[in-house]
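Chemist: Questions regarding the structure given below will be posed in turn.
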């Protein structure tokens, strides 16, 4: 088979999910539904689940609000909140068009983590209204997943909600914290394969949006030296006294802070001018192949790692990065080697967070999740698989356990567990979620999928 034919087949493979989506989404008219978890043994049960019996449960919660976690599904409910202003690879398409992504997030939450998630797409661009809405709906949920909200607004929403003393449920920004966690796991796994240590590796990041901003901070916490990091935005490398960054230091405080911490040599220019000798390239930029050029990758250090994480299409095709000399290449897609995607993180992270009733999701909990992912994949790690894939189902209860135990260690968990019991609990909930979905499909209650 010729190389040209191989590339053409890979391109067709990459295009197929989009084709199938336009067949299957209208066939199922969405991807999620509500179904009762309590039995209806006879119509008499409605006297328990609704009036008059339900009043007793209401009074119990009124007397002791913690009983909400025993009487309601609150402890397993997450709201996926978005305004549709920064939808993966699509940009500002609005809350209605963002719906398929948010429903997709919800089905991943359920199948992979056993978490009941529901899309909440808001018709506002005002960060204060988003904050207010989240606080108003919080009594119904055990956690909030912020999704696809544009920068720098997303920072304001996340920080204000996380720091609100009256909001006692965890608020998480998956585009930032979720991406950062899985990228860190990929870096840890990749460095093990190539035999490099995190303290001395040199890292370039293309894109200084919410994903790479949080990735940078999480890598610093995990051992990467900020002096070995260069970040590049649409205007070139960032550095301490770049005029536009200084001028906007009160508007984008995180970019200003990162400019002070990284690139001590004040290198300028685009990625191609600063990438020489870098061990790792992490890109969260435009979903256009060619955004990262082959000749840039060829300047990197030997045994280099390239994670092109734009969705739905990576900034460089994996075969081009490999041809340019990269030893390990990952993308955000499940149909290529080394998927570096949030779906490996947030279902397990929320599972552990909810199970211990943590009041927040700390950086230390994220690092624990990343280390669990990397450790699970270490025994079988290869250049094509530096961390486990989604079909390695046990990664989710293992990740959940690591996150939950870290929250307990940090004193931010309201429910205490022994490690083995926490794992068994997470494992059971995830098995029930998967088994229910598979049973409904097998029995025909979820219709068979048409051929695509």
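Chemist: In segment 302-321, which residues are over 20 Å from the mean Cα position of the chain (by Cα) and surrounded by fewer than 18 Cβ atoms within 10 Å (Cβ to Cβ)?
Modeler: 302, 303, 319
Chemist: Additional query: Suppose we filter 376, 354 for residues that are at pLDDT below 95, over 29 Å from residue 9 (Cα atoms) and part of a helix (DSSP H, G or I); which single one remains?
Modeler: So the residue among 376, 354 that is at pLDDT below 95, over 29 Å from residue 9 (Cα atoms) and part of a helix (DSSP H, G or I) is 376.
Chemist: Only one residue in 189, 195, 223, 207 is closer than 17 Å to residue 342 by Cβ, in contact (Cβ under 8 Å) with a residue 12 or more places away in the chain and out of contact with any helix residue (DSSP H, G or I) (no Cβ under 8 Å at 6 or more places or on another chain). Which one?
Modeler: Values: 189 fails: out of contact with any helix residue (DSSP H, G or I) (no Cβ under 8 Å at 6 or more places or on another chain); 195 fails: closer than 17 Å to residue 342 by Cβ; 223 fails: closer than 17 Å to residue 342 by Cβ.
Selected residue: 207, the only one of 189, 195, 223, 207 that is closer than 17 Å to residue 342 by Cβ, in contact (Cβ under 8 Å) with a residue 12 or more places away in the chain and out of contact with any helix residue (DSSP H, G or I) (no Cβ under 8 Å at 6 or more places or on another chain).
Chemist: Say whether the condition of being in contact with a strand residue (DSSP E or B) (Cβ under 9 Å, 6 or more places away or on another chain), outside any helix (DSSP H, G or I) and crowded, with 19+ Cβ neighbours inside 10 Å is met by at least one residue in segment 221-229.
Modeler: Yes: one or more hits.
Chemist: Being closer than 21 Å to residue 37 by Cβ and in a loop (DSSP other than H, G, I, E, B) is true for just one of 431, 415. Which residue is that?
Modeler: Numbers: 431 fails: in a loop (DSSP other than H, G, I, E, B).
Testing whether each residue is closer than 21 Å to residue 37 by Cβ and in a loop (DSSP other than H, G, I, E, B) leaves just 415.
Chemist: Another question about this same structure. Pick from 84, 75: which is touching a helix residue (DSSP H, G or I) at 6+ places or on another chain (Cβ under 8 Å), farther than 30 Å from residue 333 by Cβ and either exposed (fewer than 12 other Cβ atoms within 10 Å of the Cβ) or in contact (Cβ under 8 Å) with a residue 40 or more places away in the chain (or both)?
Modeler: On inspection, the qualifying residue turns out to be 75.
Chemist: So, residue 68, is that one buried (at least 17 other Cβ atoms within 10 Å of the Cβ) and either in contact with a strand residue (DSSP E or B) (Cβ under 8 Å, 6 or more places away or on another chain) or at pLDDT below 95 (or both) or not? Outline the logic, then answer.
Modeler: Details: buried (at least 17 other Cβ atoms within 10 Å of the Cβ): yes; either in contact with a strand residue (DSSP E or B) (Cβ under 8 Å, 6 or more places away or on another chain) or at pLDDT below 95 (or both): no.
Against the criterion (buried (at least 17 other Cβ atoms within 10 Å of the Cβ) and either in contact with a strand residue (DSSP E or B) (Cβ under 8 Å, 6 or more places away or on another chain) or at pLDDT below 95 (or both)), residue 68 does not qualify.
The values are calculated or read from the model by the stated rules, or taken from the named source; none is laboratory data. All of these numbers come straight from a predicted model, not from anything done at the bench. FYI the Cβ positions are ideal-geometry reconstructions off the backbone, even for glycines, and counts take in every protein chain you see.
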